[in-house]
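Every read-out reported here was derived from the displayed coordinates using simple, explicitly stated rules and does not represent laboratory data. Only a predicted model underlies this, so the values are computations on that prediction, with no experimental measurement involved. Cβ coordinates were reconstructed from backbone atoms using ideal geometry, including for glycine residues, and neighbour counts include every protein chain displayed.
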Amino acid sequence: MADTVLYEVSDGLATITLNRPEAMNALNTEAKVALREAVRSAAADGAVRAVLLTAAGDRAFCVGQDLKEHVGLLAADRESGGRGGTMRTVGEHYNPIVRALAEAPKPVVAAVNGVAAGAGFGFALAADHRIVAETATFTTAFTGVALTADSGLSWTLPRVVGPGRATDLLLFPRAIDAREAYELGIVGRVVPAGELRAEAERTARALAAGPTLAYAAVKESVAYGLSHSLAETLEKEDELQTRAGASQDHAIAVRAFVDKEKPVYLGR
C-alpha cells in the first residue's frame, strides 16, 4: 500500500489507517486508490475476521476530497474540453470503497478521531460500528462546494437519522459534534480523545475473536431487510439462520454454554 494509507493485519484484525495528517487526511488520487485496494483486500482476505478503519493525527478522520488537487484536475478538464473525467472518481474510487466496507462479510469498526466531512462522513457511516472521540465532528460538506451527496450518504444518512433530517443536513451542512452525533444515532460510542485508539482496537479485536459467520449474516439480513418486505425478510432470516445453525461456530458456542466455558470461534 502507499504511504498515504497504512495496512496491517494482526491476529485476524486488519487495521486501515488514513495517513495524510498534514492534509487532515484529505483524499488525493493516491490515497483513494490505496484506500480502495486496502478495503478490498481486507474484505476478501479469509484470514481477516474484522476491520478497523482509523486515521493518523488528532485533527481529522477524513475531510473528504483533496480540493487542492481537485482544483488542478478541474482546470485540466477544462483545457481538454471536459474529457478528463475528474468526477469519474465517484465511480472509480468512492463507490467501490463504500461497497467494500458495507458489504464486507466481517464487522467493520470506524474510529473517528476528528473531523469527518463529505466522503469521510460517508466512509464512517459505511462501517458497522462507530466509536468517536469527544472532539470529533461530522458534516456533509457537499453543497458547500456546489456538489451533491456521494460516498453513499444519500443512502446511509436517511436510514440513520430519517429522510427529513438527512435532507436538512445535506442542504445546510454544519458541524455535528460528537454528543449530537450520538443522540442522532450516527455513532455508537463517544470516548475521550486519548482513549479512542485503545477502545476501538479492543472492540475490533473482540469482534475478530467472535462468531464472524454470524456477524456476516447479521450484516446481510439487515441490508436485505431495508429493501424487502417483511415476508421476504423472514425467508431470508430462515435461510441465514439455517446456514448459521450448521456452522462449527454454533456447535462450539452451544457446547461451551453447556460446559460453562468461553467459546473459541473458528469462523467456520
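I need Ser227, Ser41 ordered by Cβ neighbour count within 10 Å, fewest first.
Numbers: Ser227 8, Ser41 16.
Starting with the residue having the fewest Cβ neighbours, the order is Ser227, Ser41.
Between Phe257 and Asp45, what is 0.36 nm times their sequence separation minus the Cα-Cα distance? Round to one decimal in nm.
Working: separation 212, 0.36 × 212 = 76.32 nm, distance 2.97 nm.
Taking 0.36 nm per residue and subtracting the Cα distance, the gain is 73.3 nm.
Using r as the Cβ-Cβ distance of His228 and Arg78, and R0 as 30 Å, what FRET efficiency do you calculate, to the nearest 0.05?
The formula returns an efficiency of 0.10 here.
Amide H of Val187: which non-local residues (sequence gap of 5 or more, or other chain) have their own amide H closer than 5 Å, using H built in the peptide plane?
Those lying under 5 Å, H to H, from Val187 are Tyr182.
Treating only the Cβ atoms of Lys and Arg (+1) and Asp and Glu (-1) as charged, compute the dipole magnitude of the stretch 212-259 about its Cα centre; round to the nearest 20 debye.
Roughly 140 debye for the stretch 212-259.
In whole Å, how far is the Cα centre of the stretch 145-173 from that of the stretch 201-241?
25
So for each of 229-241, 162-174 I average, over its residues, the number of other beta carbons within 10 Å; can you give me the resulting order with the highest mean first?
Values: 229-241: 12.7, 162-174: 14.2.
In decreasing order of mean packing, 229-241, 162-174 become 162-174, 229-241.
Could you give the alpha-carbon Rg of the stretch 114-268 over 2.2 N^0.38 Å, rounded to two decimals?
Rounded to two decimals, the normalised Rg is 1.26.
Quickly rank 51-64, 22-35, 194-207 as a protection proxy: mean count of other C-beta atoms within 10 Å, highest first.
Top of the packing list down: 51-64, 22-35, 194-207.
In whole Å, what are the extents of the chain along the principal axes defined by its C-alpha atoms, from largest to smallest?
Principal axes ranked by extent give 69, 41, 37 Å for the Cα atoms.
Once you charge only the Cβ atoms, +1 for Lys and Arg and -1 for Asp and Glu, what is the size of the charge dipole of the chain about its Cα centre, to the nearest 20 debye?
60
For the stretch 212-259, what are Rg and Dmax over the alpha carbons, in angstrom?
12.5, 40
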